[in-house]
Amino acid sequence: MENEELWSKAIAEIEVAVSRANFATWFKDTSIMDNNNGVVSIAVPNGFAKEWLENKYHKFILKSIRNFSPEVRSVQYIIQAPLVRQKPIVSKKYHVVPAAMQTKSSVPATQLGFKDFEVDPLTNLNPKYTFETFIVGSFNELAHAAALAVLSNLGKVYNPLFIYGGVGLGKTHLLQAIGNSVVQQDRTKKVRYITSERFSNELVNALKQNTINTFKEKYRDCHLLIIDDVQFFSGKAKTQEEFFYTFNTLYEAGNQIVFSSDRSPKSISDIEERLRSRLEAGVIIDISEPEYESRLAIVQSKAKEKNIDLYPEALEIIASLIQTNIRELEGSLNMIHMQSQYLNKTLSIEEIKNILSKNIKQKTSVTQSQVIKIVAEYYDISDKSIFDRTRKTEVVLPRQVAMYLIREDLKGSYPTIGEKFGGRDHTTAMHAYQKIKDHLKKNPKLEEDIRRIRQRYQS
Ligand code: ADP
Ligand code: MG
């Protein structure tokens, strides 16, 4: 396997397992520069990244690489100036640390063991999401209260519980915290967490492999079923049908169902009415964007959790400038911490403001579906045909452009992009992204096309 392909595959696994903020921070601008005699050399942009990868992620990186290339015995990290290195896989748009800095930093030398990424195979829950680390403020207190009520009256009140809100606002955290608490209180309770996309994929596989009964049993036999990001049931008739029966079975047996979604049941398009009415049958609660006090509480708590020692005003500045969501708050906190370690000094308020303002993304409210629609319009094909399984250039190019834009501008993950485009594998999305990216460099027409498409959704 070629170096680039190997790293693409390994890094896709890593991306799924680590938080977005950590991924963006530590895996940006990395590549495999050499793979010889069982030793893989990974190019990293600076000493800081080298230290973190070595000290924190090494085991995990090695494991991911060996999944695809079992003959690899060890991995080493080599600092390379960005120009020398080949195409980095992680986008340039991610937050960057000035490359020229080389101060000694002090990364805690504890390896993040597999535990940190470990998802319980039975429940699909990640133990890191707990109520203890979930900060409650006015923006999410209703959702939190409902979660607690569900916890103490499983299947009896608020059934189903439907929580919705924008990206990075804590839906997954809250849902998983419910699951983890239920298991903690009573080991005999069967709990399952699954995203709607995976539910759909598993169903497709079960149908192919004639294991549909096992599939049915798996999801109809639990005390608590958690379905994350249920909006992706949209347009999937077969999945909706199967889930409808799953729901009824669980519900009639008095078992609890919890949903999250990025929008209310009413706003989910292409969904059967009978299923929509089930989603609406219990309690529907939204999580809004955190206000300043909550943002501050979250930054303070994350700093403490991660042993990040920043002075109070620094935390306040982060909380006041980063207003989008909690994931961004975490990312910004990491970044400020990193830079101050790099420079080996305390950053002034002005310096912090400067760093943050460079990285505050312009809010784009466009959705993946809108991007697809705009791309299809631009290339004058119907937006349905963009999903067709065809190799015709007039469809393939728009499809790849749409995938590229969703990745680049909406920060979609490869697995969700693949899924969005008709259940394709994440490597397809990765390939499309890379292809457009490469072509952009030598094809001014394509560059112009993309600029115009962007104008349509950015204006
Ligand atoms: P969503 O599923 O809504 O997109 P996540 O649950 O993945 O968002 O949250 C994004 C990140 O923010 C996660 O790292 C999560 O632990 C953290 N987070 C979200 N809400 C809270 C909260 N109320 N308190 C502490 N951390 C939170
Ligand atoms: Mg989520």
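The values are calculated or read from the model by the stated rules, or taken from the named source; none is laboratory data. Please read these numbers as outputs of a predicted model, since none were measured by experiment. Backbone-built Cβ (ideal geometry, glycine too); neighbour counts: all protein chains shown.
Does Ile287 meet the test of being surrounded by 14 or more Cβ atoms within 10 Å (Cβ to Cβ), within 16 Å of ligand 2 (Cβ to nearest atom) and of a type outside the set (Phe, Trp, Tyr)?
yes
Can you confirm whether the stretch 406-419 contains a residue that is among the hydroxyl-bearing types (Ser, Thr, Tyr) and more than 17 Å from the chain's Cα centre (by Cα)?
Scanning the stretch 406-419, I find no residue that is among the hydroxyl-bearing types (Ser, Thr, Tyr) and more than 17 Å from the chain's Cα centre (by Cα), so the answer is no.
Within the stretch 296-331, which residues are in contact (Cβ under 8 Å) with a residue 60 or more places away in the chain and either assigned to a helix (DSSP H, G or I) or aromatic (Phe, Trp, Tyr) (or both)?
Ala297, Ile298, Ser301, Glu305, Ile326, Arg327, Glu328, Glu330, Gly331
Regarding the stretch 385-404, can at least one residue be identified that is under 30 Å from Ala314 (Cα atoms), within 26 Å of the chain's Cα centre (by Cα) and buried (at least 17 other Cβ atoms within 10 Å of the Cβ)? Give the derivation first.
If we filter the stretch 385-404 for residues that are under 30 Å from Ala314 (Cα atoms), which is where we start, we get none.
No, the stretch 385-404 has no match at all.
Looking for whichever is part of a helix (DSSP H, G or I), in contact with a helix residue (DSSP H, G or I) (Cβ under 8 Å, 6 or more places away or on another chain) and either free of Cβ contacts under 8 Å to residues at least 40 places away in the same chain or surrounded by fewer than 16 Cβ atoms within 10 Å (Cβ to Cβ) (or both) here; the options are Arg424, Arg456, Arg451. Which one fits?
After ruling out the rest, the residue left standing is Arg456.
Name the single residue, out of those in the stretch 149-167 being surrounded by 19 or more Cβ atoms within 10 Å (Cβ to Cβ) and in contact with an Asp or Glu (Cβ under 8 Å, 6 or more places away or on another chain), that is nearest to Glu132 (Cα to Cα).
This residue is Ile163.
Test each condition in (1) assigned to a helix (DSSP H, G or I); (2) modelled with pLDDT of 90 or more; (3) of a type outside the set (A, V, I, L, M, F, W, C) for Ser357 and report the one that comes out false.
(2)
In the stretch 239-276, how many residues are modelled with pLDDT of 95 or more, more than 16 Å from ligand 2 (Cβ to nearest atom) and touching an Asp or Glu at 6+ places or on another chain (Cβ under 8 Å)?
Qualifying residue count, the stretch 239-276: 4.
Of the residues Ala314, Ala297, Ala303, only one is under 30 Å from Ser152 (Cβ atoms) and either small (Gly, Ala, Ser) or more than 21 Å from the chain's Cα centre (by Cα) (or both); which?
The unique qualifying residue is Ala297.
Of the residues Phe199, Phe215, which single one is crowded, with 17+ Cβ neighbours inside 10 Å, among the aromatic types (Phe, Trp, Tyr) and within 16 Å of ligand 2 (Cβ to nearest atom)?
On the way: Phe215 fails: within 16 Å of ligand 2 (Cβ to nearest atom).
Being crowded, with 17+ Cβ neighbours inside 10 Å, among the aromatic types (Phe, Trp, Tyr) and within 16 Å of ligand 2 (Cβ to nearest atom) holds for just one of Phe199, Phe215, which is Phe199.
Can you find even one residue in the stretch 182-193 that is buried (at least 21 other Cβ atoms within 10 Å of the Cβ), within 16 Å of ligand 1 (Cβ to nearest atom) and not in a loop (DSSP other than H, G, I, E, B)?
Yes, that holds for at least one residue.
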